[in-house]
Amino acid sequence: MKPGIHPAYGPVVFRDKAADFAFLTRSTLTSDRTVEWEDGNTYPVVDVEISSASHPFYTGTARVMDTAGRVERFERRYGRGEAR
């Protein structure tokens, strides 16, 4: 890697306020706001709208679409196409 052209890479806390969940990782993102982490150190904090703690896929609250029912409803509404 060329020196001096890459952004600083360091520890950052990502916080999902909706789920009251935070995790410490490394990133090139920075923030003016800081938070004191469990280890006693202060890190920049980035607030996110959704994380694995609040995303429906990871929490198990995702809805499954009934594709067969949609096809049947379409066929009832518009009828089967004529054979060519």
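The values are calculated or read from the model by the stated rules, or taken from the named source; none is laboratory data. Note that the structure is predicted; figures quoted are calculated from it, not measured. Ideal geometry is used to build each Cβ from the backbone, glycine not excepted, and the neighbour counts take in all protein chains shown. The accessibility values were calculated without ligands, DNA or RNA, using every heavy atom of the protein model including side chains. Shrake-Rupley method; radii C 1.70, N 1.55, O 1.52, S 1.80 Å.
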> From the phi of every residue in segment 39-54, what ³J(HN,Hα) in whole Hz does the Karplus formula 6.51 cos²θ - 1.76 cosθ + 1.60 yield, where θ is phi - 60° and glycine or proline is x?
Replying inline: 7, x, 8, 9, 10, x, 10, 10, 7, 10, 7, 8, 9, 5, 7, 10
> Taking amide H positions as placed 1.01 Å from N in the peptide plane, with prolines and chain starts having none, which residues 5 or more places from Ala19, or on another chain, fall under 5 Å of its amide H?
Replying inline: none
>> Net charge around Ser51, counting only other residues with Cβ within less than 15 Å of its Cβ (Lys, Arg = +1; Asp, Glu = -1)?
In response: -2
>> 5 Å is the cut-off here: which amide hydrogens, built 1.01 Å from N in the peptide plane, fall below it relative to Ser27, excluding neighbours closer than 5 in sequence?
In response: Gly10, Val12
>> Through the Karplus equation 6.51 cos²θ - 1.76 cosθ + 1.60, θ set to phi - 60°, convert the phi angles of segment 16-33 into ³J(HN,Hα) values in whole Hz; use x for Gly and Pro.
In response: 9, 5, 5, 9, 6, 9, 9, 9, 9, 8, 10, 7, 8, 5, 10, 8, 7, 7
>> Given a Förster distance of 22 Å, report the FRET efficiency between Ala19 and Asp39 from their Cβ-Cβ distance, rounded to the nearest 0.05.
In response: 0.55
>> At 0.36 nm per residue, and after removing the present C-alpha to C-alpha distance, how many nm does the segment from Arg76 to Val48 gain when stretched out fully?
In response: 5.7 nm
> Put Glu75, Glu49 in order of accessible area, largest first, 1.4 Å probe: what do you get?
Replying inline: Glu49, Glu75
>> Heavy atoms of the protein only, probe of 1.4 Å, neighbouring chains included. What is the accessible area of Ser54 in Å², nearest 10?
In response: 40
